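Notes to accompany the following structure.
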Amino acid sequence: MIEIECLSRRRFLAMAAASAYMAQAQNKKHIPVGLLIYAVIADWKKDFDGTLTAVAQMGYEGVELTQYESWTPARAKDVRALLDSLKLKVLATHTEPEFFLPGDKMEAMIELNQVLGAQTVCCVRGLATTPTGIGYHAKASSEPDAWKELTDVLQRASETLKRSKMACSFHNHAVEFETKDGVRPIDILAKSKDLVFHVDVQVCRRAGTDPGAFMKQYLGKTECLLLTEGPTDANRHAPALGKGDTPGKDVFATAESVGGIKYYLLTHGATELTPLETVKRDFDQYKLIHG
């Protein structure tokens with residue numbers, strides 16, 4: 001009788017564990033995976049439609065478009081029609097800094113993003129205060145006052161974009177994670193209430209910051225991780241995703257528990273493969289690593 005009771009109890013516990021696992025798997029939020037188009041920019045410029053078609057066929061769910069700011073609304077409508085036919089979403093647009101300043105450029109940028117159906121408008125670099133106003137990113141922009149000014153600009157832009165049902169994000173480079181006079185620019189930017197971040201995993205790590213620690217410090221503010229890998233070899237080629245030193249499982253776990261992640265983006269520089277072959281390989285690697 002005791003053996004039967006023990007067996008029944010073990011069976012019950014096993015069934016309960018299996019049920020819990022199945023419920024967890026069913027409740028796990030799906031995180032879309034997109035491609036930062038800059039990774040295939042040469043192909044994109046030669047064959048716009050063909051490149052986007054190839055990206056969709058690989059299994060990518062969306063893209064972050066780049067170099068779109070000069071498009072007309074008519075051109076944006078044509079691109080949207082193509083993307084819709086391919087079932088690709090515009091997760092974000094890779095946008096130059098001057099378009100976040102109030103004025104005609106910003107109004108035109110918002111119109112294009114609305115046509116494209118973009119979820120987020122991403123500022124791709126810092127803004128340096130110059131004699132002619134706020135301009136292009138430079139090392140000089142590591143001055144705290146310049147970053148405070150940028151934070152104010154992006155907070156106001158966030159409020160404007162929110163009214164159009166879009167978020168405002170910032171794409172980091174190494175300089176934002178470098179400490180100067182006891183201050184990191186990224187910490188200044190993080191004081192913006194509505195600004196979110198697109199964190200390049202390897203750039204963050206090579207600048208001396210653990211992306212997991214950053215996400216835990218600023219809960220819910222990492223909308224996207226750019227899943228880059230490293231270190232680079234003698235030819236400055238980065239390894240395939242999951243073949244370098246990134247602690248992928250830990251990064252994913254943190255991003256999906258406290259980071260605020262809404263989607264992942266893959267991107268890659270030069271490799272021994274073609275750009276399209278590289279991003280296909282990395283997407284296949286992502287599926288193996290993330291599951």
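The values are calculated or read from the model by the stated rules, or taken from the named source; none is laboratory data. Note that the coordinates shown come from a computational prediction; the quantities given were computed from them, not determined experimentally. Positions of Cβ are generated from backbone atoms using ideal geometry, with glycine treated the same way; all protein chains shown enter the neighbour counts. Just so you know, the surface numbers come from the protein's heavy atoms only, side chains and all, with ligands and any DNA or RNA stripped out. Shrake-Rupley method; radii C 1.70, N 1.55, O 1.52, S 1.80 Å.
What are the semi-axes of the equivalent ellipsoid for the stretch 160-234, taken as the square roots of 5 times the Cα gyration tensor eigenvalues, largest first, in whole Å?
On the way: eigenvalues 104, 48, 22 Å².
Taking √(5λ) for each Cα gyration eigenvalue gives 23, 15, 10 Å.
Near HIS94, once Lys and Arg are set to +1 and Asp and Glu to -1 for all other residues with Cβ below 13 Å from its Cβ, the sum equals -3. Peptide packing for 47-58, 196-207 was compared via the average number of neighbouring C-beta atoms within 10 Å per residue; ordered from the highest value, the list is 196-207, 47-58.
The local environment of GLY62, defined by Cβ-Cβ distances under 14 Å, has a net charge of 0 under the rule Lys, Arg +1 and Asp, Glu -1.
Probe radius 1.4 Å, ligands and nucleic acids left out: which of HIS237, HIS30 has the largest accessible area, and how do the rest follow?
Working: HIS237 40, HIS30 120 Å².
Largest accessible area first, the residues go HIS30, HIS237.
Could you tell me which GluC sites (Glu not before Pro) in the stretch 188-291 are loop residues by DSSP with no more than 12 other beta carbons within 10 angstrom of their beta carbon?
Values: sites: GLU223, GLU229, GLU256, GLU272, GLU277; in loops: GLU229, GLU272.
Those satisfying the criteria are GLU272.
Residues with beta-carbon under 15 Å from that of ASP104, excluding ASP104: net charge, scoring Lys, Arg +1 and Asp, Glu -1? Numbers along the way, then the final one.
Working: positive: LYS105; negative: GLU69, GLU96, GLU98, GLU107, GLU111.
Summing Lys/Arg as +1 and Asp/Glu as -1 gives -4.
What the stretch 35-107 shows is 47 Å² of accessible area per residue, with the surface traced by a 1.4 Å probe over protein heavy atoms.
Sequence-ordered 3J(HN,Hα) estimates for the stretch 180-189 from the Karplus curve with 6.51, -1.76 and 1.60 and θ = phi - 60° stand at 9, 6, x, 10, 9, x, 4, 6, 5, 4 Hz, glycine and proline given as x.
What length, rounded to one decimal in nm, is gained on full extension from ALA270 through to HIS30, with 0.36 nm per residue of separation minus their alpha-carbon distance? Don't skip to the answer; put the middle values down first.
Details: separation 240, 0.36 × 240 = 86.40 nm, distance 2.96 nm.
Difference between extended and current length: 83.4 nm.
Considering the zone a paramagnetic label at HIS237 would reach in this model (a point 7 Å from Cα along the Cα-to-Cβ line), which residues of the stretch 248-270 have amide N under 18 Å from it? The answer is 267-270, whose backbone nitrogens lie closer than 18 Å to the label point.
Per residue, the stretch 225-291 exposes 48 Å² of accessible surface when a 1.4 Å probe is rolled over the protein heavy atoms with every protein chain present. Under a 5 Å amide H cut-off, with hydrogens placed 1.01 Å from N, THR120 pairs with ALA92, THR93, ALA167 among residues at least 5 apart or on other chains.
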